[in-house]
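Beneath this line is the structure, given in structure tokens, with notes to follow.
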Amino acid sequence: MPPAPDILILFGTNLRRIRKDKGFSQRELSSRCNIDNADISRMENGTINITLQTLQQLAEAMDIAVWELLVPRI
């Protein structure tokens, strides 16, 4: 499999960090935003591309702004 584009790695890293900071397991986040648990794992590993709708679902489930999943941590 070819390497994931940098944006997918950045997104996955941010998703994992924020999810853990919020105290959610992958299963709990999956339940909160009605996304398959295996897809949450794939997102965090940068192996799946998502839609803008999914991005919004994740942000809403974690009570954050969408941009927080897409920008490098300073």
For region 8-64, what is the relative contact order in percent, using Cα pairs closer than 8 Å and at least 6 residues apart in sequence?
44 percent
So between D63 and T51, what do we pick up on full extension, going 0.36 nm a residue minus the alpha carbon distance?
2.5 nm
Helix-only mean residue ellipticity at 222 nm, the chain, DSSP H runs n ≥ 4 weighted -39,500 (n - 2.57), per residue, nearest 500. What is it?
-17500 deg cm²/dmol
Per residue, how much accessible area does the chain show when a 1.4 Å probe rolls over the protein heavy atoms, in square angstrom?
65 Å²
Given a 1.4 angstrom probe, I'd like the percentage of the accessible area of the chain that is carbon and sulfur, rounded to a whole number.
52 percent
Karplus (6.51, -1.76, 1.60) ³J(HN,Hα), θ = phi - 60°, over region 37-53, in Hz, Gly and Pro reported as x
4, 5, 5, 4, 4, 5, 4, 5, 8, x, 10, 9, 8, 10, 8, 4, 4
With log10 I(q)/I(0) by the Debye sum over Cα atoms at q = 0.14, 0.24 Å⁻¹ defined as stated, name the option among (1) -0.39, -1.02; (2) -0.37, -1.14; (3) -0.49, -1.16 computed from the structure displayed.
(2)
So V71 and D21, fully extended at 0.36 nm per residue minus their Cα-Cα distance, gain in nm 16.4 nm
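The values are calculated or read from the model by the stated rules, or taken from the named source; none is laboratory data. On a predicted model such as this, the values are computed, not experimentally measured, just so you know. For accessibility, only protein heavy atoms count, side chains too; no ligands or nucleic acids. Shrake-Rupley method; radii C 1.70, N 1.55, O 1.52, S 1.80 Å.
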